1. Considering only region 1-29, how many residues are farther than 17 Å from K53 by Cβ and small (G, A, S)?
2. Which fully enclosed strands (runs of 3 or more DSSP E) of the chain have 2 or more residues being over 11 Å from the mean Cα position of the chain (by Cα)?
3. Looking only at residues that are buried (at least 18 other Cβ atoms within 10 Å of the Cβ) and out of contact with any helix residue (DSSP H, G or I) (no Cβ under 6 Å at 6 or more places or on another chain) in region 43-53, which one is farthest from G33 (Cα to Cα)?
4. Which residues, counting only those in region 6-36, are loosely packed, with under 11 Cβ neighbours inside 10 Å and polar (S, T, N, Q)?
5. Which residue out of E39, E72, E67 is more than 12 Å from E7 (Cα to Cα), out of contact with any Ser or Thr (no Cβ under 9 Å at 6 or more places or on another chain), in contact (Cβ under 8 Å) with a residue 40 or more places away in the chain and surrounded by 13 or more Cβ atoms within 10 Å (Cβ to Cβ)?
6. Between a residue in region 44-58 that is farther than 14 Å from K10 by Cβ and any residue that is of a type in the set (V, I, T), which pairs come within a Cβ distance under 7 Å, given they are 6 or more apart or on different chains?
7. Suppose we filter region 13-51 for residues that are modelled with pLDDT of 95 or more and of a type in the set (D, E); how many remain?
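The values are calculated or read from the model by the stated rules, or taken from the named source; none is laboratory data. Because the structure is a prediction, the values reported are computed rather than measured. Every residue, glycine as well, gets a Cβ built from its backbone with ideal geometry; the counts of neighbours run over all protein chains shown.
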Amino acid sequence: MIKKLIEMNKGQKGRVVAIRGGRGKILRLAEMGITPGEEVILLQKSLGPVIIKVKDTNLALGKGLAESILVEVGENGKN
């Protein structure tokens, strides 16, 4: 199942399949290690930034960036 990163549940794993946005946004996320094929784990989602884990690093993303990342998650929420 493919969904936006911001739609994932806390603790859920997913694999990045696409990033919606212009070249600048894609390059910025790539510099942080967020590229298609990379596994991400949603650690926290609240009123502030979305916290994810990528390659043993925790990253804080604004909701706008989190909205632009499409991830594939398993049917049971695990990937």
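1. Looking only at that region, the number is 4.
2. Details: elements: 2-4, 13-19, 39-45, 50-54, 57-61, 69-72.
Fully inside the chain and qualifying: 39-45, 57-61.
3. Here is the first cut: in region 43-53, the residues buried (at least 18 other Cβ atoms within 10 Å of the Cβ) are 45, 50, 52.
Subsequent filtering for residues that are out of contact with any helix residue (DSSP H, G or I) (no Cβ under 6 Å at 6 or more places or on another chain) retains 45, 52.
Details: K45: 19, I52: 11 Å.
Restricting to residues being buried (at least 18 other Cβ atoms within 10 Å of the Cβ) and out of contact with any helix residue (DSSP H, G or I) (no Cβ under 6 Å at 6 or more places or on another chain), the top hit is K45.
4. If the condition is that a residue be loosely packed, with under 11 Cβ neighbours inside 10 Å and polar (S, T, N, Q), then N9 is the only one that fits.
5. Numbers: E72 fails: more than 12 Å from E7 (Cα to Cα); E67 fails: more than 12 Å from E7 (Cα to Cα).
After applying the criteria, what remains is E39.
6. That search, which allows pairs on different chains as well, returns V54/I34; V54/V40.
7. Residues flagged as modelled with pLDDT of 95 or more and of a type in the set (D, E) within region 13-51 amount to 2.
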